[in-house]
Amino acid sequence: MAATCYTTWDGDDWQKHINILLGLRYGPKYQPIPDRDSGDWGLEGFSDDGVAYQCYAATEPLTVSDLTEKQRDKITRDTGKLCDNAPQLEKLLGPLKIQKWVL
């Protein structure tokens with residue numbers, strides 16, 4: 001019988017976990033954006049290869065259709081934030097251009 005592992009995450013814990021994993025993956029080439037420093041611009045962090053990351057932890061239990069709707073709404077909100085905060089992001093990113101946005 002296979003063991004089952006299941007963890008329920010709140011948004012803050014999921015964000016911390018993802019930033020740790022991305023830091024392990026990229027090392028110093030990953031830059032998290034702490035909420036307390038720059039607010040929420042639709043990004044949790046970015047890597048020097050132009051990949052931007054945003055986290056989302058759904059509050060379960062959800063049906064597949066409810067989860068899809070919540071993810072779609074999150075994407076809509078946060079891509080809007082990217083556009084609305086473009087001047088601040090340009091200062092933060094410098095010459096780096098976002099090539100991919102990952103939720």
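Before moving on, here are some points about what is shown:
- Between amide H atoms placed 1.01 Å from N, distances below 5 Å from Val102 occur with Ala52, Tyr53, Gln54, all of them 5 or more places distant or on a separate chain.
- Lys pairs, the chain - Cα-Cα below 21 angstrom, 8 or more residues apart or on other chains: 15
- Percent carbon-and-sulfur accessible area, the chain, ignoring ligands, DNA and RNA, probe 1.4 Å: 55 percent
- CD proxy at 222 nm, helix term only [per DSSP H run n ≥ 4: -39500 (n - 2.57); per residue of the chain; nearest 500]: -15000 deg cm²/dmol
- Reported label for calculated volume of the Cα convex hull per residue in Å³ given (i) 127; (ii) 103; (iii) 81: (i)
- Antiparallel %, DSSP beta bridges [both residues in the chain], to 5: 60 percent
The values are calculated or read from the model by the stated rules, or taken from the named source; none is laboratory data. Predicted model only: the values in this text are computed from it and were never measured. Quick note on the areas: whole protein, heavy atoms, side chains included, nothing else; ligands and nucleic acids left out. Shrake-Rupley method; radii C 1.70, N 1.55, O 1.52, S 1.80 Å.
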